[in-house]
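Right, one structure below, let's go through it.
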Amino acid sequence: MVNSMGFEGSEKKLEVMLVPGHSSLRKRGREFWNGIVEASEASILSTISNQHCDAFLLSESSLFVWDDRFVMITCGQTQLINSLVLFCESYNREDFKSLIFQRKNEYFSHLQKSTFESDRKKLELLFPGHTYQIGQLDGHHNLLFHMEGELCPDADDCTSELLMYHMEGEAVSVFRREGASLESVRGLLDLAGLFPEFKTDDHLFEPWGYSLNGIFEDRYITFHVTPEQHSSYISFETNLKLEEHSELFTKILEVFQPQSFDIVHFHERELPSFGERYQLAGGTNDRLECGYPIKFGHFIKRQLNLGKALRL
């Protein structure tokens, strides 16, 4: 979706985990997952796989499928909730061990085909559950629904999201350059240095925009870059344990140099600190009723310069 202001990079996210005993989700085949993706008004561009996971690069973000769970992330004007509704036609409520639906605030919310509230009404027809607001409603925030039921996450069952706003520096020229190449983007991100063991799959969009999936064993990474001048947004997500990769977020921030960013941790110990460059402006430290500890932090550049009014 392109409008006069730009593309909507802010994402919706769905994570579903099935109870033990079901046949592998990976065995459902490409036709099944094509249908799930198309229900959200997106399409599959390419796929990579290993012994643990299938990673689908989408026209609007990503889908990762393991034997017992899947994570689907979509942006633009997609209706991710419709993918869940279709998925539920093949499974009963008792088949679900966990379900988390997450929706970030949008730049162009008036152009969306649904709201979190309308999505939640569809969710509540399928599952009893609980809803949370993470962050400030008048700032960057996430709205989250999870199905009712206690879940005891494994020690390595963690997810971290780094959501960056208004990039600066070399990344601006690389991602907004007419005729940008995958080689220049990969070099800027230093993929070989940051993720040497990961199999990756990436795509440059026209006129601009970039997505990447990466998998190694049962771990995944994904980047999505929307470089529009007045609404640039970059997301990075992984289930790597950050206590074992302590410099990862710092190195990514050095690449994009955002004016501000959010971190969302599921089942990670602490929010990191970023020295003198960024300061924590607000956050959340709580435990969802389903059992996941969750931490949210909004960070801003120290001594951030005031900008000029934007003429529309």
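The values are calculated or read from the model by the stated rules, or taken from the named source; none is laboratory data. Bear in mind that the values here come from a model prediction, so they are computed numbers and not experimental data. As a convention, Cβ positions derive from the backbone with ideal geometry for all residues, glycine included, and neighbour counts pool all protein chains shown.
So that you can scan it fast, the table gives a plain yes or no per residue for (1) closer than 21 Å to Val264 by Cα; (2) hydroxyl-bearing (Ser, Thr, Tyr):
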{"residue": "Lys13", "(1), (2)": "yes, no"}
{"residue": "Gly29", "(1), (2)": "no, no"}
{"residue": "Glu41", "(1), (2)": "no, no"}
{"residue": "His52", "(1), (2)": "no, no"}
{"residue": "Leu57", "(1), (2)": "no, no"}
{"residue": "Phe87", "(1), (2)": "no, no"}
{"residue": "Tyr91", "(1), (2)": "no, yes"}
{"residue": "Leu99", "(1), (2)": "yes, no"}
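When you scan region 251-282, how many residues do you find that are of a type in the set (Lys, Arg) and assigned to a strand (DSSP E or B)?
Let us first name the residues in region 251-282 that are of a type in the set (Lys, Arg), namely 251, 269, 277.
Pick out the ones that are also assigned to a strand (DSSP E or B) and you get none.
Of the residues in region 251-282, 0 are of a type in the set (Lys, Arg) and assigned to a strand (DSSP E or B).
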task = Taking the residues in region 213-250 that are among the small types (Gly, Ala, Ser) and outside any strand (DSSP E or B) as candidates, determine which candidate is modelled with the lowest pLDDT.
result = Ser231
note = The condition from (1) under 19 Å from Ile215 (Cα atoms); (2) of a type outside the set (A, V, I, L, M, F, W, C); (3) assigned to a helix (DSSP H, G or I) that Gly35 misses is numbered (1)
Candidates Ser235, Ser246 - the one that is surrounded by 14 or more Cβ atoms within 10 Å (Cβ to Cβ) and of a type in the set (Ser, Thr, Tyr) = Ser235
ask   = In region 66-95, what residues are surrounded by fewer than 22 Cβ atoms within 10 Å (Cβ to Cβ) and within 23 Å of Lys199 (Cα to Cα)?
value = Trp66, Asp67, Asp68, Arg69
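Please go through region 292-309 and pick out each residue that is at pLDDT 85 or above and of a type outside the set (Val, Ile, Thr). Give the derivation first.
Step one: of region 292-309, the residues at pLDDT 85 or above are 292-301.
Within region 292-309, Tyr292, Pro293, Lys295, Phe296, Gly297, His298, Phe299, Lys301 meet the criteria.
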inquiry  = Can you report the number of residues in region 45-68 which are among the aromatic types (Phe, Trp, Tyr) and assigned to a strand (DSSP E or B)?
reply    = 2
